[in-house]
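J.: One structure follows; several queries about it will come next.
The values are calculated or read from the model by the stated rules, or taken from the named source; none is laboratory data. What you see is a predicted model; the values in this text were computed from it and never measured. Quick reminder, even Gly has a Cβ in these numbers, built from the backbone with ideal geometry, and neighbours come from all protein chains shown.
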Amino acid sequence: MYSKKLARLAFGLLAESTLKCPLTRSVSSRVNAVRTPCSWTVCLHHRQKNPLSEGLTRLNVRTVSQTTLDPAEVRKFQAMASKWWDLQGEFAALHSMNDLRVPFIRDNLLNVHGIRQLGKPLAGLRILDVGCGGGVLSEPLGRLGADVRGIDPVEDSVQTAELHSSYDPDLRERVRYQACTLEELAEEELEGFHAVVASEVMEHLADLDAFASCCQQVLKPGGSLFITTINKTNLSYVFGIVAAEQLLRIVPSGTHDWEKFVSPEDLERLLESFGFYVEAIRGMMYNPLTGAWSWQQSTAINYALHAIKRKEEPQPGQVWAESENLDEPGRATNYS
Amino acid sequence: VKIIDFSFMPKIIRILSKDHRDEESSTSENQLFDIIISGGGMVGTAMACSLGLDPNLAGKKILLLEAGHKKEMDRVPETYSTRVSSISPGSATLLSLGAWDHIANMRCKPYNKMQVWDACSDALITFDKDNLQDEMAYIVENDVIVAALTKQLQTLSDHVKVQYRTKVVKYTWPRPYHVSESIPWVQVTLANGKTLQTKLLIGADGPNSMVRREAGIPTVKWNYDQSAVVAVLHLSESTENNVAWQRFLPTGPIAMLPLSDTESSLVWSTSHQHAEELLQLDEESFVDAINSAFWSNENHSEMVETAGSLFRTALSVLMPDSGSARQLPPSVAGIGPKSRVMFPLGMGHATEYIRHRVAIIGDAAHRVHPLAGQGANLGFGDVAYLTKVLSQAAFNGKDLGKSMQHLLEFETERQRHNLPMMAAIDLMKRLYSTNAAPMVLLRTFGLQATNALPPLKEQIMAYASK
């Protein structure tokens, strides 16, 4: 429901520049279409060399792997850092969503893998957090013992995340951040992860097919995919766009595009076509008065989804026969 | 042609750009703890044990700091010590995670019944479980409790460390907002100059808590004009001794708590002046004073006696089965060799139990009058609940000190439990501090009525046993 990228963009750092994102359905038609300064739809466009951003990149000579920080950079980060990690700030709802997301991921992984170590239930598992932002979700997963890799195309977020986790020696060892896109990572890390988490990211992507394909590539067979996103219903228009953006102004206008919301049925169909088996879908609800999230029956607005990559590699373009027996992952008989 | 050697440049650049944060963190890495508990008394040591035994907190680095020396007890000393506590079944359950076995092996005395009565009238109330076989609570010496917990801690030494003879001189609090280049943890500076860092600081350092003071937590407190005199009593004759006795004198309550078949513990709360006089008395006079305090009826006035007996008759008509005969406590023959001690009494309550990365438990958070024997139990209740809350937070991958949601849950729940108890104890103390006739009548009727209502008594016992 929130654009994690919003605050940073609002500072005008990347107001005009857009990021390389090859996840486009058709690049040329979209290039001139959507260029709102405050929108995370920037991923539609190739990077446009912009004097402002060039100047900034020249200042940013350091790659994100170094921890030395330039004082000018530090000042910028301070402003952003307080936004990301201010538990009463703009991202408060993302922090409180951890109360649902973390147990959801933890329990489903424990069901699949069993408890590995007391005190560190996710020890030994490699998890990829796509669109990690400031590391809001990566850190709790790291504390639970998992080996977390957080990726985000926006360098500033990644640096914020690194800065925040650098103080805690536990996190420093277990949580690593990288400023890149999922495609770039998929080339290096084939079948490298036990789980992929894409929380509040789907509603900002243009090309879901490419996303699903990359997830399928980076996951080990039997690996888990966790997605939280917003449904495409009338109710989500009323609450997610009208109420949140225009009436209550929880989120600035233009953050979300209702067209981009995905319904759980569509998402399930998409994932199944890429060799996933959808194991659970649960509805979530945000209460703006208490600032807390809760599970609910209806997936009309927000929902969380857990899918497992089937153990057998599907042939590309394969269409699955509609069969009642297609319940367990890894059944070879239905593939042809 | 001069060739300028630039080979030193990379080194300089490295030095200039060296992240001093790295330097700081590398030296203090082994001194960053997940939880530091300040204060190794009964409640602090119990907290360390409880955290150490929790499965979700396995692997967390926990440190207990205690200014005194290690209290070990290979064999229980012959003589009883004067400071004892009444341990409720709820607290016994908390301690049963290992330490209770040590306590049972050392020394403890269960009691089945408690009689509380007034000096100014005949009113009395008795508490007991339905069948006198069940234990109401246990009297255990404080030294035994600490020694048992210390023994338990030794089995957890892989992730719970203890530093004895360690005094803290300063606490440095982090900013609640994340600011780059500042340390986000609580820093604890010791007397030996070392500084430790922790993600969560738990203050269990007693009624004059330094943690509470330094954190600036406002406290509501007042002194009772009373001191408690404690001693070990030798009874005239050996008896089953499974009853706790407490009589409310106008100057304050006097209590006799069983320790064994032949010995009991005395806790006599009275005015400062009287307490000093009692300490000065020779043994015989002291013993006489105690016996007379329990037995004499000199504070009875006729009017009150008549009113009291009328009311009792009325009650026995309404509820024939209620009412109990007044029993007299065993008489005292002598006192134990360890000298009598006195200490001042007061009430205190911290308005907040938590701050960013800080929590306070035990007497640091709440201090009560010993008349209800609840001080230690409230502290153990804090320990149990805080452990539960931290365990849940750790299982959700949260930063233990920063998760205000969980810390607030602890504070709310414990304040809801502690405040009514403290209010009741304070009320009792004030109610019984006078021998003015109206108050005496009021409390006489109140006590007799409560005694006549078994459901009400059961509620009171259940609340106190938690």
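J.: Which residues, taken from the stretch B:185-194, are touching a residue at least 40 places away in the same chain (Cβ under 8 Å) and either within 14 Å of chain A (Cβ to nearest Cβ) or crowded, with 23+ Cβ neighbours inside 10 Å (or both)?
T.: Listed by number, the residues that qualify are B:185, B:186, B:188.
J.: Just to check your reading of the model, which residue among A:157, A:138, A:165, A:213 is within 29 Å of residue B:395 (Cβ to Cβ), of a type in the set (Gly, Ala, Ser) and more than 14 Å from chain B (Cβ to nearest Cβ)? Give the derivation first.
T.: Details: A:138 fails: more than 14 Å from chain B (Cβ to nearest Cβ); A:165 fails: more than 14 Å from chain B (Cβ to nearest Cβ); A:213 fails: within 29 Å of residue B:395 (Cβ to Cβ).
When all the criteria are applied, what remains is A:157.
J.: Answer yes if at least one residue in the stretch B:276-285 is closer than 21 Å to residue B:367 by Cα and either without any contact (Cβ under 8 Å) to a residue 60 or more places away in the chain or not in a strand (DSSP E or B) (or both), and no otherwise. Please lay out each step first, then the result.
T.: Filtering the stretch B:276-285 for residues closer than 21 Å to residue B:367 by Cα gives none.
Looking through the stretch B:276-285, none of the residues is closer than 21 Å to residue B:367 by Cα and either without any contact (Cβ under 8 Å) to a residue 60 or more places away in the chain or not in a strand (DSSP E or B) (or both).
J.: Pick from A:174, A:126, A:149: which is basic (Lys, Arg) and within 14 Å of chain B (Cβ to nearest Cβ)?
T.: Details: A:126 fails: within 14 Å of chain B (Cβ to nearest Cβ); A:149 fails: within 14 Å of chain B (Cβ to nearest Cβ).
None of the other options fit; the residue is A:174.
J.: Continuing with the same structure: Can you confirm whether the stretch B:143-150 contains a residue that is away from chain A (no Cβ under 14 Å), among the acidic types (Asp, Glu), out of contact with any Asp or Glu (no Cβ under 9 Å at 6 or more places or on another chain) and touching a residue at least 24 places away in the same chain (Cβ under 8 Å)?
T.: As a first pass, look at the stretch B:143-150 and keep what is away from chain A (no Cβ under 14 Å): B:143-150.
Within this subset, residues satisfying the condition of being among the acidic types (Asp, Glu) are B:143.
Subsequent filtering for residues that are out of contact with any Asp or Glu (no Cβ under 9 Å at 6 or more places or on another chain) retains B:143.
Checking which are touching a residue at least 24 places away in the same chain (Cβ under 8 Å) leaves us with B:143.
Looking through the stretch B:143-150, at least one residue is away from chain A (no Cβ under 14 Å), among the acidic types (Asp, Glu), out of contact with any Asp or Glu (no Cβ under 9 Å at 6 or more places or on another chain) and touching a residue at least 24 places away in the same chain (Cβ under 8 Å).
J.: When you go through B:135, B:72 one by one, which is the residue that is over 22 Å from residue B:240 (Cβ atoms) and part of a loop (DSSP other than H, G, I, E, B)?
T.: Working: B:135 fails: over 22 Å from residue B:240 (Cβ atoms).
Selected residue: B:72, the only one of B:135, B:72 that is over 22 Å from residue B:240 (Cβ atoms) and part of a loop (DSSP other than H, G, I, E, B).
J.: Which one of B:384, B:376 is within 22 Å of residue B:97 (Cβ to Cβ), touching a Leu at 6+ places or on another chain (Cβ under 6 Å) and not β-branched (Val, Ile, Thr)?
T.: B:384 is the lone residue from the list that is within 22 Å of residue B:97 (Cβ to Cβ), touching a Leu at 6+ places or on another chain (Cβ under 6 Å) and not β-branched (Val, Ile, Thr).
J.: Out of B:227, B:269, B:265, B:238, which single residue is without any contact (Cβ under 8 Å) to a residue 60 or more places away in the chain and of a type in the set (S, T, N, Q)? Give the steps one after another, and end with the answer.
T.: Numbers: B:227 fails: without any contact (Cβ under 8 Å) to a residue 60 or more places away in the chain; B:269 fails: without any contact (Cβ under 8 Å) to a residue 60 or more places away in the chain; B:265 fails: without any contact (Cβ under 8 Å) to a residue 60 or more places away in the chain.
Exactly one residue qualifies, and that residue is B:238.
J.: When you look at residue A:241, is it closer than 21 Å to residue A:91 by Cα, touching a Phe, Trp or Tyr at 6+ places or on another chain (Cβ under 7 Å) and free of Cβ contacts under 8 Å to residues at least 40 places away in the same chain, yes or no?
T.: Details: closer than 21 Å to residue A:91 by Cα: yes; touching a Phe, Trp or Tyr at 6+ places or on another chain (Cβ under 7 Å): yes; free of Cβ contacts under 8 Å to residues at least 40 places away in the same chain: yes.
So residue A:241 passes the test.
J.: A follow-up question, please. So if I check each of B:350, B:376, which one is in contact with a Lys or Arg (Cβ under 6 Å, 6 or more places away or on another chain) and away from chain A (no Cβ under 14 Å)? Before the answer, list the steps.
T.: Values: B:376 fails: in contact with a Lys or Arg (Cβ under 6 Å, 6 or more places away or on another chain).
Checking each option against the conditions leaves just B:350.
J.: Still on this structure, I have one more. If you take just the strands (runs of 3 or more DSSP E) that sit entirely in the stretch B:190-275, which of them hold at least 2 residues that are polar (S, T, N, Q) and closer than 23 Å to residue B:371 by Cα? Walk me through how you get there before you give the answer.
T.: On the way: elements: B:195-203, B:219-235, B:243-249, B:252-258, B:263-271.
Filter on the stretch B:190-275 gives B:219-235, B:263-271.
J.: Shifting gears a bit: Tell me which residues, restricted to the stretch A:182-196, are acidic (Asp, Glu) and more than 22 Å from residue A:154 (Cα to Cα). Give the derivation first.
T.: In the first step, residues of the stretch A:182-196 are kept if they are acidic (Asp, Glu); the result is A:183-184, A:187-189, A:191.
Answer for the stretch A:182-196, where residues must be acidic (Asp, Glu) and more than 22 Å from residue A:154 (Cα to Cα): just A:191.
J.: Test each condition in (1) assigned to a strand (DSSP E or B); (2) touching a Gly at 6+ places or on another chain (Cβ under 9 Å); (3) under 16 Å from residue B:153 (Cβ atoms) for residue B:85 and report the one that comes out false.
T.: (3)
J.: Taking residue A:155, is it touching a helix residue (DSSP H, G or I) at 6+ places or on another chain (Cβ under 6 Å) and surrounded by fewer than 22 Cβ atoms within 10 Å (Cβ to Cβ)?
T.: Working: touching a helix residue (DSSP H, G or I) at 6+ places or on another chain (Cβ under 6 Å): no; surrounded by fewer than 22 Cβ atoms within 10 Å (Cβ to Cβ): yes.
Against the criterion (touching a helix residue (DSSP H, G or I) at 6+ places or on another chain (Cβ under 6 Å) and surrounded by fewer than 22 Cβ atoms within 10 Å (Cβ to Cβ)), residue A:155 does not qualify.
J.: I'd like to know if the stretch A:199-209 contains one or more residues that are without any contact (Cβ under 8 Å) to a residue 60 or more places away in the chain, of a type in the set (Asp, Glu) and not in a loop (DSSP other than H, G, I, E, B). If you could, list the steps in order and put the result at the bottom.
T.: Going residue by residue through the stretch A:199-209, those that are without any contact (Cβ under 8 Å) to a residue 60 or more places away in the chain are A:203.
Now drop any that are not of a type in the set (Asp, Glu), which leaves A:203.
Imposing the further condition that a residue be not in a loop (DSSP other than H, G, I, E, B) reduces the set to A:203.
Yes: one or more hits.
J.: Among the residues of the stretch B:50-82, what is the count of those that are free of Cβ contacts under 8 Å to residues at least 24 places away in the same chain and crowded, with 16+ Cβ neighbours inside 10 Å?
T.: 0
J.: Scan the stretch B:431-445 for residues that are closer than 16 Å to residue B:116 by Cβ and under 28 Å from the mean Cα position of the chain (by Cα) and jot them down.
T.: B:431, B:432, B:433, B:443
J.: OK, next. Tell me, yes or no, whether the stretch B:195-218 has at least one residue that is modelled with pLDDT under 90, in contact with a Lys or Arg (Cβ under 8 Å, 6 or more places away or on another chain) and crowded, with 16+ Cβ neighbours inside 10 Å.
T.: Going residue by residue through the stretch B:195-218, those that are modelled with pLDDT under 90 are none.
The answer is no, given that none of the residues of the stretch B:195-218 is modelled with pLDDT under 90, in contact with a Lys or Arg (Cβ under 8 Å, 6 or more places away or on another chain) and crowded, with 16+ Cβ neighbours inside 10 Å.
J.: Another one. Kindly list the number of the only condition in (1) surrounded by 14 or more Cβ atoms within 10 Å (Cβ to Cβ); (2) not in a strand (DSSP E or B) that fails for residue B:342.
T.: For residue B:342, the exception is condition (2).
J.: Looking at the stretch B:404-439, which of the residues that are within 14 Å of chain A (Cβ to nearest Cβ) and surrounded by 20 or more Cβ atoms within 10 Å (Cβ to Cβ) is farthest from residue A:101 (Cα to Cα)? Break it down into steps so the answer makes sense when it comes.
T.: Step one: list which residues in the stretch B:404-439 are within 14 Å of chain A (Cβ to nearest Cβ), which gives B:404-409.
Imposing the further condition that a residue be surrounded by 20 or more Cβ atoms within 10 Å (Cβ to Cβ) reduces the set to B:406-407.
Numbers: B:406: 17, B:407: 20 Å.
Among those that are within 14 Å of chain A (Cβ to nearest Cβ) and surrounded by 20 or more Cβ atoms within 10 Å (Cβ to Cβ), it is B:407.
J.: Here is a further query. Within the bounds of the stretch A:103-117, is there any residue that is part of a loop (DSSP other than H, G, I, E, B), at the interface with chain B (Cβ under 10 Å from one of its Cβ atoms) and surrounded by fewer than 21 Cβ atoms within 10 Å (Cβ to Cβ)? Can you show your working first?
T.: Narrowing the stretch A:103-117 to residues part of a loop (DSSP other than H, G, I, E, B): A:114-117.
Checking which are at the interface with chain B (Cβ under 10 Å from one of its Cβ atoms) leaves us with A:115, A:117.
Of the ones still in play, those that are also surrounded by fewer than 21 Cβ atoms within 10 Å (Cβ to Cβ) are A:115, A:117.
Scanning the stretch A:103-117 turns up at least one residue that is part of a loop (DSSP other than H, G, I, E, B), at the interface with chain B (Cβ under 10 Å from one of its Cβ atoms) and surrounded by fewer than 21 Cβ atoms within 10 Å (Cβ to Cβ).
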